[in-house]
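The values are calculated or read from the model by the stated rules, or taken from the named source; none is laboratory data. Just so it is clear, the model here is predicted, and its values are computed rather than measured. Every residue, glycine among them, receives a Cβ derived from its backbone with ideal geometry; neighbour counts consider all protein chains shown. Protein only, heavy atoms only, side chains kept; ligands, DNA and RNA dropped before computing areas. Shrake-Rupley method; radii C 1.70, N 1.55, O 1.52, S 1.80 Å.
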Amino acid sequence: IRDVVQASEGHMYDQPELARQKIIEALGYVLLDGRCPRQYSLPVNGAPGRADLREFIDQGAWVVSTLYTYIALTGDTALLNERLGYHRLVDTGIAPAEGQDGTVLDHLIRIMGFLGRNRAPETGLLRALYGDWNDAVDGLGMTNEPGESFGSGVSVMASLQFYQNCREM
């Protein structure tokens, strides 16, 4: 999702309608809990597309920033009222969440909720989760702690972007 919205941002000046379409496409893959898959592919012959469902924390932050930039550049606040669906986790990956839809603004609010729920209580910084970048300052990756999927690592970059997203929202 991050790469799609970043590419959309690159086309906001010369092809704003295409950028709008790609933003809507990407937002349609947001999961019910507000998590954004790292990657998705479009359905083929009616079969769901494949998705990378590893929990990377930065995906949603890029979506919020891109929407903010799009509206600032185009003035197209009507985009916030567009209705689209969500996806849900299934055994084979993700599938459309039938009967579950919301506005673009609703999707942004869910994304912000996912990000906010993944802050380290000690610092307020976003947990890195399945982070793969170099700015994490403590203990990325998996953990051996019972009941925990990830280590205690946080991401300074994603945290700063999240707090910028709070201002943008």
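Taking the stretch 35-67 as the range and being more than 14 Å from VAL90 (Cα to Cα), in contact (Cβ under 8 Å) with a residue 12 or more places away in the chain, small (Gly, Ala, Ser) and in contact with a strand residue (DSSP E or B) (Cβ under 9 Å, 6 or more places away or on another chain) as the test, only ALA61 passes. Within the stretch 86-101, count every residue that is open to solvent by less than 20 Å² (accessible area, probe 1.4 Å), modelled with pLDDT of 90 or more and not hydroxyl-bearing (Ser, Thr, Tyr). Qualifying residue count for the region: 0. Checking the condition more than 11 Å from ILE111 (Cβ to Cβ), touching a strand residue (DSSP E or B) at 6+ places or on another chain (Cβ under 7 Å) and not in a strand (DSSP E or B), which residue from LEU89, LEU73, LEU80 passes? Checking each option against the conditions leaves just LEU80. So, in the stretch 12-67, of the ones that are of a type in the set (Asp, Glu), open to solvent by 20 Å² or more (accessible area, probe 1.4 Å) and more than 20 Å from ALA97 (Cβ to Cβ), which residue ends up nearest to the chain's Cα centre (by Cα)? Applying the filter and picking the extreme gives GLU17. Just give me the residues in the stretch 118-135 being surrounded by fewer than 15 Cβ atoms within 10 Å (Cβ to Cβ), touching a residue at least 60 places away in the same chain (Cβ under 8 Å) and of a type in the set (D, E, K, R), in sequence order. Residue satisfying the conditions is ASP132 alone.
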